[in-house]
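Everything on this sheet refers to the single structure shown next.
The values are calculated or read from the model by the stated rules, or taken from the named source; none is laboratory data. Keep in mind the model is a prediction, meaning the values are calculated, not measured. In this analysis, Cβ positions are derived from the backbone assuming ideal geometry, glycine residues included, and neighbour counts consider all displayed protein chains. Surface areas here come from the heavy atoms of the whole protein model, side chains and all, with no ligands, DNA or RNA. Shrake-Rupley method; radii C 1.70, N 1.55, O 1.52, S 1.80 Å.
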Amino acid sequence: METTNRTGHPLPYDTYRQAIERETLRFAEVVQGADPATPVPSCPDWTLADLARHVGSLQRWFGTLLTQLVQEPPRSRDVELGLPERAEEYADWVAAGVPTVAAVLRSTDPRAAMWAWGEDQHARFWARRMLFETLVHRVDAERAVGHESAIDPALAADGVDEFLVNLPYAGLFAPAVTKLRGDGEVIAFRCADAAGATGEEWRVRLDPDGFRLLPRPGAEAGTYDAASSGARAAVRGQAADLLLLLYGRRSYQDPAFDVAGEATALDRWFAHTAF
């Protein structure tokens with residue numbers, strides 16, 4: 001699939017490093033004391049124990065990749081986990097991994113060349129990916145236990161960008177992405193936050209041979225519809241809501257979104273982009 005080079009990172013590397021630590025500890029706090037068997041509705045067939053094991057394991061694997069600065073796809077994801085026998089201890093285990101992850105991120109040059117499954121073949125890819133993997137699963141855990149979720153708008157807008165930049169490469173673990181096709185129609189996603197991310201817009205074009213993220217337009221705040229962006233369909237909402245929408249945690253039919261254009265284009269998009 002063709003994609004435009006958009007590897008510039010709008011947030012400083014230290015922002016990702018600090019946010020990973022903060023989000024991981026928040027995740028551990030949510031899981032701490034909750035029944036490990038609690039279902040996680042946004043992750044079908046998973047319990048809180050499954051979610052905690054996933055978050056802790058993935059961070060340790062990412063840390064191993066960064067430590068080794070791997071130059072080709074690893075043949076195995078086996079790493080030393082030190083996973084407790086009792087699921088009730090998983091929250092402490094997740095939190096206990098934070099100092100090691102933080103140390104790895106501090107000691108790693110974000111510009112170091114290394115293998116990554118996404119567009120940016122540098123160490124900074126993994127910090128950015130780790131943050132949003134952790135943040136979205138923190139929201140999953142909060143929803144599972146009935147807590148409200150808050151997401152920093154600047155982080156959320158960057159998460160939207162990270163998702164869309166890397167989506168063309170996600171066929172490795174999301175095969176439906178490779179079948180996302182169209183006739184040249186454009187789908188637009190636009191932030192409507194009161195401050196900070198207002199006017200941020202991402203446009204994706206679906207072609208017969210795949211899809212591509214188009215160069216960022218110089219969007220201006222104000223009334224928005226599909227035609228204003230040359231889009232066949234457009235979704236406008238708060239950055240946090242857009243992030244959860246792209247990750248399949250919300251529906252574009254929710255009242256949180258202003259939708260314009262053809263629903264069929266959006267239905268095709270979301271049917272193929274489960275991440």
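Proximity of backbone amide H atoms, modeled 1.01 Å from N, is registered between D207 and G182, G184, R212 at under 5 Å, excluding neighbours fewer than 5 places apart on the same chain.
Using a Gaussian network model of the chain in which every pair of alpha carbons under 10 angstrom is joined by a spring, one finds that among R138, R53, R216 the greatest mean-square fluctuation is at R216.
Counting other Cβ atoms within 10 Å of each Cβ, which GluC sites (Glu not before Pro) in region 46-154 have at most 14 and sit in a DSSP loop? Could the numbers behind the result be given before it?
On the way: sites: E80, E85, E88, E89, E119, E133, E142, E148; in loops: E80, E85, E119, E148.
Here the sparse-neighbourhood loop sites are E80, E85, E148.
Relative contact order, whole percent, for region 19-154 stands at 37, derived from Cα pairs under 8 Å and 6 or more residues apart.
Between Q32 and R106, the FRET efficiency from the beta-carbon distance, with R0 = 30 Å, is close to 0.70.
Taking A141, A176, A150 as the candidate residues, the one with maximal mean-square fluctuation in a Gaussian network model of the chain, Cα springs under 10 Å, is A150. Rolled with a 1.4 Å probe across the full set of protein chains, the surface gives S107 an accessible area near 100 Å². With the whole protein complex present, W117 retains an accessible surface near 40 Å², based on a 1.4 Å probe.
Calculated translational diffusion coefficient of the chain (37 °C, 0.692 mPa s; Stokes-Einstein with Kirkwood radius over alpha-carbon pairs) equals 169 µm²/s. Approximating the spin labels as points 7 Å out from Cα along Cα→Cβ, the A274-to-D209 distance works out to 2.9 nm. When the chain is treated as a Gaussian network with alpha carbon springs shorter than 10 Å, the biggest mean-square fluctuation among A52, A240, A263 belongs to A263. The heavy atoms of L11 present about 40 square angstrom of accessible area, all protein chains included, probe 1.4 Å. The modelled label-to-label distance between D267 and E85, using points 7 Å beyond Cα along the C-beta direction, is 5.3 nm.
Hey, any idea what % of region 72-158's accessible area is carbon plus sulfur with a 1.4 Å probe?
Values: 1970 of 4120 Å².
Carbon and sulfur: 48 percent of the exposed surface of region 72-158.
Please list R212, R106, R111 in order of solvent-accessible area, largest first, computed with a 1.4 Å probe with all protein chains present. Before the final figure, lay out the partial values.
Numbers: R212 40, R106 145, R111 165 Å².
Descending order: R111, R106, R212.
Enter the accessible area per residue of the chain (Å², integer; probe 1.4 Å; all protein chains in place).
Details: 12380 Å² over 275 residues.
Ligands and nucleic acids excluded, the figure is 45 Å² per residue.
Quickly estimate the mean residue ellipticity at 222 nm for the chain, helices only: each DSSP H run with n ≥ 4 gives -39500 (n - 2.57), and the total goes over all residues, rounded to 500. Spell out each step's value before the answer.
Working: 8 runs with 110 residues, N = 275.
Dividing the helical sum by the residues of the chain leaves -13000 deg cm²/dmol.
Ranked by solvent-accessible area (1.4 Å probe, protein heavy atoms only, all chains present), the residues F163, F275 order from largest to smallest as F275, F163. Pulled fully out, how much extra length does the chain show between T178 and Q18, if you take 0.36 nm times their separation in residues and subtract their Cα-Cα distance? That works out to 54.2 nm of additional length.
Quick one: which of 93-102, 250-259 comes out on top by average Cβ neighbours within 10 Å, and what's the full order, highest first? Spell out each step's value before the answer.
Values: 93-102: 17.4, 250-259: 14.7.
Taking the mean over residues of other Cβ atoms within 10 Å, the ranking is 93-102, 250-259.
Can you tell me the relative contact order of the chain? Whole percent, Cα pairs under 8 Å, sequence separation 6 or more.
Working: 449 pairs, mean separation 52.9, N = 275.
Dividing the mean separation by the residue count of the chain yields 19 percent.
Distances between placed amide hydrogens fall under 5 Å for A233 paired with V186, A188, E262, all partners being 5 or more residues away or on another chain.
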